[in-house]
Amino acid sequence: MLTLQLSEFSLDRFLAEYWQQKPVLIRQGFPAFRDLISPDELAGLACEAQIDSRLISRRNGEWQAERGPFQDYSHLGERDWTLVVQAVDHWSPDVAELVQAFAFIPKWRLDDVMISFAAPGGGVGPHIDLYDVFICQGSGRRHWRVGDRGAHRQFAAHSALLHTDPFAPIIDAVVEAGDILYIPPGFPHEGVSLDSSMSFSVGFRSRSASDMLSGLADYLIDHELGKTLISDPRREAHQQQGYINRSDFAMIRAQMQSVLNDDALMADVVGSLLSTTRSELDLQAMEPPLDADELLCALEEQQLRRTGGLRCFYLEPQISEGICYVDGERHTFGAALSEAVRVLCNHDVIGIVNLGSALQQTQFLTTLLQWVNQGYWYLDEPD
């Protein structure tokens, strides 16, 4: 397992001084780092229709971008192009393990692991991201320039590429295998490959209020909630029909606020929304499906590994009732299984020792069996 090395400062200092505040280059954050996937394997993933991929190139000074799937790369030449593949952690267990090195950030903030292969001169151009990213350099070298936050003009260099104007760098460095560049949202940056190179970008993204409110509205509609109408008996006669007065406005706002003040409802909304994956999962259903006895027998010698990208969370105070959310669905196991639920959500790899007596509970075992047969967790040999 990869372990993040912060030789120049502590993790507490990183969170206090850098996280969401300013970029920093962490030299040899992963000593002796090797590519977690080969360029050929990455190109193979970009052939799949369900995987989001892009080819970005520059020809005669003009930026070009196209979306996958791709069947052929022979037209690209030897320079000035980049292949970018999203959510590779969903498809490669080795890449998924990279996320664990950044477990000091809660997984509900995780976006995905994006991997790029670039030929010499390749890059995606100067741009600004709206998420935090740890860019972990693999094979080859890249020259990175990072500017300061500010009023940077952005423009469409191509219909699929949003670039920013030239900027003065506050970081100007060549990174090599094992180096990590952390960039918070809002800082312009550009990387140019000096050799054929690979980079592994672990992105963390929060949701906007509009995203969350849209998810709340969808949840209310899907579950037929929030349908209580305003009731206003014994109201006073209105003198101006076109006027929404202070008391009526307060009544309308209170009706909406009552939904936000319902902790149980909001926990369901937040848990369901944040546990829903935004990219395809590599679910390999068991064929033939296991029965409960076969699963228990297998767990005597094997572990269960969560498939890459699967999201499962719990919230306070619901965890006291053994409630969790897996891929958008709520599951209630009861107070006696609250510790097993914590183990399930907090660890990518679990075994018979971790789950203990929970495997003797019919509801828990039945649900776990269903997840395994669907491919959410799969049997894996111990490390």
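The values are calculated or read from the model by the stated rules, or taken from the named source; none is laboratory data. Bear in mind the structure is a predicted one, so any value in this text is a computation, not a measurement. Using ideal geometry, Cβ is built from the backbone for each residue, glycine included, and neighbour counts are taken over all protein chains shown. Remember, those area values only see protein heavy atoms, side chains included, never the ligands or the DNA or RNA. Shrake-Rupley method; radii C 1.70, N 1.55, O 1.52, S 1.80 Å.
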Checklist entry - Any residue in the range 208-231 that is open to solvent by 80 Å² or more (accessible area, probe 1.4 Å), within 20 Å of Gly123 (Cα to Cα) and at pLDDT 95 or above? => result no
Item to check | Filter result for Arg58 (part of a loop (DSSP other than H, G, I, E, B), among the basic types (Lys, Arg) and more than 22 Å from Phe204 (Cα to Cα)) | outcome: no
Next on the checklist: So, in the range 50-70, exactly how many residues are under 20 Å from the mean Cα position of the chain (by Cα) and free of Cβ contacts under 8 Å to residues at least 40 places away in the same chain?
Outcome noted: 1
Checklist entry - Is it the case that Ser159 is over 23 Å from the mean Cα position of the chain (by Cα), small (Gly, Ala, Ser) and surrounded by fewer than 17 Cβ atoms within 10 Å (Cβ to Cβ)? => result yes
Next on the checklist: Between Ala254, Ala237, Ala217, Ala250, which is in a loop (DSSP other than H, G, I, E, B) and small (Gly, Ala, Ser)?
Outcome noted: Ala237
Checklist entry - Which residues, counting only those in the range 166-198, are in a loop (DSSP other than H, G, I, E, B), open to solvent by 50 Å² or more (accessible area, probe 1.4 Å) and either under 22 Å from Asp80 (Cα atoms) or of a type in the set (Ser, Thr, Tyr) (or both)? => result Pro166, Glu176, Leu194, Ser196
Item to check | Where Gly150 falls short, out of the listed (1) open to solvent by less than 60 Å² (accessible area, probe 1.4 Å); (2) part of a strand (DSSP E or B) | outcome: (2)
Checklist outcome for this item: If we keep only residues of the range 21-55 that are assigned to a strand (DSSP E or B) and in contact with a Gly (Cβ under 8 Å, 6 or more places away or on another chain), then the residue farthest from Gly123 (Cα to Cα) is Ser53
Item to check | Candidate set from the range 1-12 (those that are free of Cβ contacts under 8 Å to residues at least 24 places away in the same chain and open to solvent by 90 Å² or more (accessible area, probe 1.4 Å)); member that is nearest to Gly147 (Cα to Cα) | outcome: Glu8
Checklist entry - Yes or no: Phe104 farther than 19 Å from Ser199 by Cβ, part of a loop (DSSP other than H, G, I, E, B) and at pLDDT 95 or above? => result yes
Checklist entry - Can you name the strands (runs of 3 or more DSSP E) wholly within the range 320-383 that have at least 2 residues being among the hydrophobic types (A, V, I, L, M, F, W, C)? => result 323-326, 377-380
Item to check | Output for the range 15-43, where each listed residue is in contact (Cβ under 8 Å) with a residue 12 or more places away in the chain and more than 18 Å from Glu176 (Cβ to Cβ) | outcome: Leu15, Tyr18, Trp19, Gln20, Gln21, Lys22, Ile37, Glu41, Leu42, Ala43
Item to check | Residues located in the range 312-368, provided they are among the β-branched types (Val, Ile, Thr), closer than 26 Å to Asp262 by Cβ, without any contact (Cβ under 8 Å) to a residue 12 or more places away in the chain and out of contact with any strand residue (DSSP E or B) (no Cβ under 7 Å at 6 or more places or on another chain) | outcome: none
Checklist outcome for this item: Note on the range 265-304: residues surrounded by fewer than 13 Cβ atoms within 10 Å (Cβ to Cβ), farther than 16 Å from Gly328 by Cα and not polar (S, T, N, Q) are Ala285, Glu287, Pro288, Asp291, Asp293, Cys297, Glu300, Glu301
Checklist entry - Of (1) within 22 Å of Glu97 (Cα to Cα); (2) open to solvent by less than 20 Å² (accessible area, probe 1.4 Å), Leu359 satisfies all except one. Which? => result (1)
Next on the checklist: Would you confirm, using the coordinates I've provided, whether Ile244 is open to solvent by 90 Å² or more (accessible area, probe 1.4 Å), of a type in the set (Val, Ile, Thr), without any contact (Cβ under 8 Å) to a residue 24 or more places away in the chain and outside any helix (DSSP H, G or I)?
Outcome noted: yes
Next on the checklist: surrounded by 19 or more Cβ atoms within 10 Å (Cβ to Cβ), touching a helix residue (DSSP H, G or I) at 6+ places or on another chain (Cβ under 6 Å) and closer than 30 Å to Leu281 by Cα: which single residue out of Val85, Val133 fits that description?
Outcome noted: Val85
Checklist entry - With Ala65, Ala49 as the choices, which residue is open to solvent by 50 Å² or more (accessible area, probe 1.4 Å) and either of a type in the set (A, V, I, L, M) or in contact with a strand residue (DSSP E or B) (Cβ under 9 Å, 6 or more places away or on another chain) (or both)? => result Ala49
Next on the checklist: Take Asn346 and tell me if it is open to solvent by 70 Å² or more (accessible area, probe 1.4 Å), modelled with pLDDT under 95 and under 23 Å from Met1 (Cβ atoms).
Outcome noted: no
